[in-house]
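Take a look at the structure set out below.
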Amino acid sequence: MLVLAGIAAIAGGFLLRFNPLLVIVASAAVTGLAAGLDPVRILGTFGHAFNETRYVTAIYMVLPVIGLLERRGLQTRARAFVARLKAATAGRLLLGYLLFRQVTAALGLTSVGGPAQTVRPLVAPMAEAAAERQVGDAGEGERVKAMAAATDNIGLFFGEDIFIAIGSILLMKGVLEGYGIVLEPFQLSVWAIPTAIAAFLIHGGRLLWLDRRMGRRL
């Protein structure tokens with residue numbers, strides 16, 4: 001049961017709004033210590049995982065670039081660009097991003113978008129600018145930010161299963177084989193298409209309803 005202390009650590013860290021990366025590392029360390037691993041072995045496990053996945057290298061490369069672009073006015077430029085588009089609304093903009101995210105994820109390009117590299121610096125500010133022009137104030141800012149993040153998650157989650165060489169497809173194949181159901185990855189991929197279409201229609205309807213809701217405030 002002591003191994004579950006890592007869950008308490010990660011829940012407490014997020015509740016106190018500590019840095020997510022530090023919370024995850026701390027919870028992993030707590031889990032390792034509770035399991036009886038010595039600190040050197042825990043550190044070696046971290047190093048091996050980072051070296052295999054290259055996640056740390058990607059963070060070191062991507063985050064400074066995003067920070068530099070934001071400091072140079074990336075969000076301001078994005079908001080100004082949307083402000084010049086008369087037909088742009090928050091719902092339409094996010095609907096277009098949903099389509100883009102699903103199509104690219106279906107092709108295996110899951111890293112093209114994301115909360116850190118796309119939503120925060122570009123998509124959310126652009127949607128906020130469109131919303132402010134629709135309602136004349138920033139009262140819908142937090143709701144629009146939440147919808148932008150949700151759009152990215154939904155597009156990725158329901159789009160990536162169409163790509164046969166994705167971890168989720170292989171996981172489902174393995175689980176089904178454990179119950180005696182033998183399916184090829186291509187079969188799972190094909191049957192993910194109706195789900196992706198349904199997700200697009202449902203969330204797309206929510207985005208259009210967001211536009212309608214803000215239109216009533218005018």
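None of the figures in this text is laboratory data; all of them are computed from the coordinates on show. Quick caveat: nothing in here was measured; it's all calculated off a predicted structure. Here Cβ is always computed from backbone atoms with ideal geometry, including for glycine, and neighbour counts include all displayed protein chains.
Shown in residue order for segment 6-15 are the 3J(HN,Hα) couplings computed by the Karplus curve 6.51 cos²θ - 1.76 cosθ + 1.60 at θ = phi - 60°: x, 5, 5, 5, 6, 5, x, x, 5, 5 Hz (x for Gly and Pro). How much FRET efficiency would the formula 1/(1 + (r/R0)^6) give for ALA165 and ILE202, where r is the Cβ-Cβ distance and R0 is 22 Å, rounded to 0.05? My answer for the efficiency is 0.25.
Highest-first packing order for the peptide set 201-212, 98-109, 150-161, 118-129 is 118-129, 150-161, 98-109, 201-212, based on the mean count of other beta carbon atoms within 10 Å.
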